[in-house]
Amino acid sequence: EVEPGSQAIDFAALPDVHLEASPLALEATAGSGLPVAYTTDGACSVEDGGLVLTATGACTVTAAQAGSDDWQPAPPVSRSFAITGPQEIDFAALADPTYGEAPLALEASATSGLPVTFSADGACMVEDGRLTATSGGPCTVTASQAGDDAWDPAPDVAQALTVAPGAQTLGLEALADTLTGAPAQPVEAVASSGLAVTLVVDGPCVLEDTGVTPTGAGTCTVTASQAGDAAWAAADPVSVSFEVE
């Protein structure tokens, strides 16, 4: 009696592939020349002799040949590969920030479910997932997702914003009425922004390093102003007046 012959399956390795490449041809052969049957596990299935990719993830295809009267069953051969796919980012529109306000929480999601990262350029910075204005002016915030073994990198989504300068206020201490020839009164003025304050006087008085000095009888008015900068809007001027006898 003649023993059935042994056979082996030739099944080339399958490379990682994009979801949109579905369906794929399966080209395993048995040394016996008998037809090969396929089974799958993971994000794929066999339909009409082709491999259909059903989702991103992993796919394992096993080729088998059950043998015949003349051939022994072939040892099954399995091939595994990754299926990659496209993803998109949903990044809701942001309102223009204002310098000096609390940082803004950034929220975006990727269709892959993978975490989204943020970067910023211009008058802003991202730290711990929050947007902080660093000055007034243009600011661009970009949401990114780099992908992984199953997902392609997502197209970046960028938003162009304009950071408004912060509002500032001035504090100016009241000055007491005084007499002509009296010594200078110190002037204490401060801007909430911390920027330097400009002082001007009107009336019978002069501004000196030591404060405001009366020069004659009448009403003396001291006005404080702060013109602002890239981060801060100009402050509303503040004035105080005192009488000189």
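Rank these residues by their accessible area, most exposed first, probe 1.4 Å: Asp128, Asp41, Asp152.
Descending order: Asp128, Asp41, Asp152.
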- Could you work out the Kirkwood radius for the range 31-126, taking every pair of different alpha carbons, averaging 1/r and inverting it, reported in Å? 18.3
- So if R0 is 51 Å, what FRET efficiency would Asp121 and Gln72 give, r being the distance between their Cβ atoms, rounded to the nearest 0.05? 0.15
- Query: What per residue convex hull volume, in Å³, do the alpha-carbon atoms of the range 126-245 yield?
  - Reply: 100
- Note on the structure: For the range 192-241 the translational diffusion coefficient, Stokes-Einstein from a Kirkwood Rh over Cα pairs at 4 °C and viscosity 1.567 mPa s, in µm²/s, is roughly 108
- Note on the structure: Sorted largest first, the Cα spans of the chain on the principal axes come out in Å as 138, 24, 17
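The values are calculated or read from the model by the stated rules, or taken from the named source; none is laboratory data. Since this is a predicted model, take the numbers as computed values, not measurements. No Cβ is skipped: glycine too gets one built from the backbone with ideal geometry, and neighbour counts run over all protein chains shown. For accessibility, only protein heavy atoms count, side chains too; no ligands or nucleic acids. Shrake-Rupley method; radii C 1.70, N 1.55, O 1.52, S 1.80 Å.
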